[in-house]
Amino acid sequence: MKLDEYQLKQFKLFGFVLLKNILTPKEIENLQTEFESASKKDEQKEGLYDGTSNHNMSMLGKNTPLYSSLIEDPRFYVPVRQIFGEKTFGFEINAYRYATNTKWHFNDGSPNIYGYGAKYQFPIFEPVTAQSGALRFIPGSHKDPWQSELKKWWPLSAEDSKEGLEIIPNIPYSSAECELGDAVLFDLRIMHATWGGYIDRKVSCISYFHYPESPKEFDAMKKIIPGYWNKKDRWNQEEFDYFFSNPNKSPIRKQWIDSYNELYQLSN
């Protein structure tokens, strides 16, 4: 699946694009089964989900084969390579059970302009609207100088405080409302939030890093990569290690492993 000219332009200008019907009904059903299985395993390890805090689950492991295959699936990987280049590499597939709204924030190594990548987010149990947990974006906030201006304003740099959460619906936004089967692809650097998310709102995400090209991009990624590669105290150590052991000898994954090793060596 390739993005057309309009979709590419929208992503580059505004920082996100909605992709319709990227998953089939049968895949949704299978993803639901894997999600529920991972949730049971998570509760055995972390305690029962009681609606007071979020639960995060890595879907890179051997017990979630459909989830873990999506990061290399052309429907997901090809659009990311179109935007960020042939050497773009994957780093996580996560599922979440939320207990609260999510404040305005950037993702994974941001806010910065030089260390970045892409992320998909999609529902598999219930459709989402602007009032029920769909992502809200500040269009264009993945670019400077606007990103730098925005992050200086307290509502957009607040911690998970009462004030930081209460300000969410007062910020102008564009929402990415999704039916089951849809996914929104966005730049990790864009400012985003959710509002109206119900207790136990279930979300799935797939994330990639852009392989650096300029000296400033290499400098930024040298700081980010040690948090992911050759790290032995990861929260998802078992799943991450299994995925990157490359049990099925995937050539795509081999390329990603090579990229991680190259960047890790530069960071030392």
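Is it the case that some residue within the range 119-138 is within 25 Å of S267 (Cβ to Cβ), within 15 Å of the chain's Cα centre (by Cα) and at pLDDT 95 or above? Step through it out loud before you land on a result.
Of all residues in the range 119-138, those within 25 Å of S267 (Cβ to Cβ) come to 119.
Filter once more, so that each one left must be within 15 Å of the chain's Cα centre (by Cα): 119.
Then drop every residue that is not at pLDDT 95 or above, which leaves 119.
Among the residues of the range 119-138, at least one is within 25 Å of S267 (Cβ to Cβ), within 15 Å of the chain's Cα centre (by Cα) and at pLDDT 95 or above, which makes the answer yes.
In the set (1) more than 27 Å from K2 (Cα to Cα); (2) buried (at least 16 other Cβ atoms within 10 Å of the Cβ); (3) among the acidic types (D, E), the condition left unmet by E92 is number (1).
Being surrounded by fewer than 20 Cβ atoms within 10 Å (Cβ to Cβ), modelled with pLDDT of 95 or more, more than 24 Å from F16 (Cα to Cα) and not charged (D, E, K, R) narrows it down to one of S39, S69, S53, so name that one. Before the answer, list the steps.
Details: S69 fails: more than 24 Å from F16 (Cα to Cα); S53 fails: modelled with pLDDT of 95 or more.
Matching residue, one of S39, S69, S53: S39.
Pull out all pairs, ordered by first then second residue, where Cβ-Cβ is under 9 Å, the residues are six or more apart or on different chains, the first lies in the range 170-184 and is on the phi > 0 side of the Ramachandran plot, and the second is among the aromatic types (F, W, Y). Going by the 9 Å Cβ cut-off, the qualifying pairs are G181/F122. The set of residues from the range 152-173 being surrounded by 15 or more Cβ atoms within 10 Å (Cβ to Cβ) and not in a loop (DSSP other than H, G, I, E, B) comprises P155, L156, G164, L165, I168.
Regarding I113, is this residue farther than 24 Å from M221 by Cβ, in contact (Cβ under 8 Å) with a residue 24 or more places away in the chain and crowded, with 16+ Cβ neighbours inside 10 Å? The answer is no for I113. Taking every residue in the range 239-267 that is closer than 11 Å to F89 by Cβ and pairing it with any residue that is exposed (fewer than 15 other Cβ atoms within 10 Å of the Cβ) and hydroxyl-bearing (S, T, Y), at least 6 positions away or on another chain, the pairs with Cβ-Cβ distances below 9 Å are W256/S250.
All conditions but one from (1) among the acidic types (D, E); (2) farther than 30 Å from N63 by Cβ; (3) crowded, with 16+ Cβ neighbours inside 10 Å apply to E149; the one that does not is (3). Return a yes/no flag: does the range 11-20 have any residue that is touching a residue at least 40 places away in the same chain (Cβ under 8 Å) and farther than 23 Å from W195 by Cα. For the range 11-20, residues touching a residue at least 40 places away in the same chain (Cβ under 8 Å) and farther than 23 Å from W195 by Cα: present.
I'm trying to understand the selection: among the residues of the range 3-27, which are hydrophobic (A, V, I, L, M, F, W, C) and touching a Phe, Trp or Tyr at 6+ places or on another chain (Cβ under 9 Å)?
L3, F11, F14, F16, V17, L19, I22, L23 - these are the residues of the range 3-27 that are hydrophobic (A, V, I, L, M, F, W, C) and touching a Phe, Trp or Tyr at 6+ places or on another chain (Cβ under 9 Å).
Of all residues in the range 218-265 being in contact with a Pro (Cβ under 9 Å, 6 or more places away or on another chain) and over 14 Å from Y208 (Cα atoms), which is surrounded by the most Cβ atoms within 10 Å (Cβ to Cβ)?
Among those residues, the one meeting the criterion is L263.
Using the structure shown, decide if A118 is buried (at least 16 other Cβ atoms within 10 Å of the Cβ), closer than 16 Å to F209 by Cβ and hydrophobic (A, V, I, L, M, F, W, C). Working first, answer last.
Details: buried (at least 16 other Cβ atoms within 10 Å of the Cβ): yes; closer than 16 Å to F209 by Cβ: yes; hydrophobic (A, V, I, L, M, F, W, C): yes.
Answer is yes for this residue.
Taking the criterion of being farther than 27 Å from I22 by Cβ and of a type in the set (S, T, Y), the residues of the range 103-153 that qualify are Y114, S148. Applying the selection to the range 4-15, what residues are assigned to a loop (DSSP other than H, G, I, E, B) and under 19 Å from the mean Cα position of the chain (by Cα)? Listed by number, the list holds a single entry, G15.
The values are calculated or read from the model by the stated rules, or taken from the named source; none is laboratory data. Only a predicted model underlies this, so the values are computations on that prediction, with no experimental measurement involved. Note: ideal-geometry Cβ built from the backbone for every residue, glycine included; neighbour counts use all protein chains shown.
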